[in-house]
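The values are calculated or read from the model by the stated rules, or taken from the named source; none is laboratory data. Quantities reported herein were computed from a predicted structural model and do not represent experimental measurements. As a convention, Cβ positions derive from the backbone with ideal geometry for all residues, glycine included, and neighbour counts pool all protein chains shown.
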Amino acid sequence: MDTALAPYKNENGTVSGCESYSIDVIGQIITPAKYDGETVIEPSITLEGWHVNWLGDLPDDFLPYEVFPEHPVRVWA
């Protein structure tokens with residue numbers, strides 16, 4: 001993903017958007033463990049992939065990786 005996002009980095013190497021799109025790099029998503037008092041009843045889960053929110057027209061080379069999660073972790077306000 002670092003290579004794929006290279007064209008969208010500014011002179012400081014930070015991923016940045018512009019007038020036609022916004023990028024929110026999330027990275028790895030880990031769902032928190034669930035506890036019943038002090039006992040873990042469901043362990044934390046690391047979701048597959050490297051997650052990035054993109055607002056605007058998605059470049060064609062990113063289309064194969066586009067997903068629409070049922071329960072997003074972060075959303076655009």
Region 1-11, subset at pLDDT 90 or above and part of a loop (DSSP other than H, G, I, E, B), residue nearest to Val73 (Cα to Cα): Leu5
Failed criterion for Thr31 (all others in (1) of a type outside the set (Gly, Ala, Ser); (2) in contact with a helix residue (DSSP H, G or I) (Cβ under 7 Å, 6 or more places away or on another chain); (3) over 19 Å from Asp2 (Cβ atoms) hold): (2)
Ala33 vs. criteria at negative phi and touching a residue at least 24 places away in the same chain (Cβ under 8 Å): no
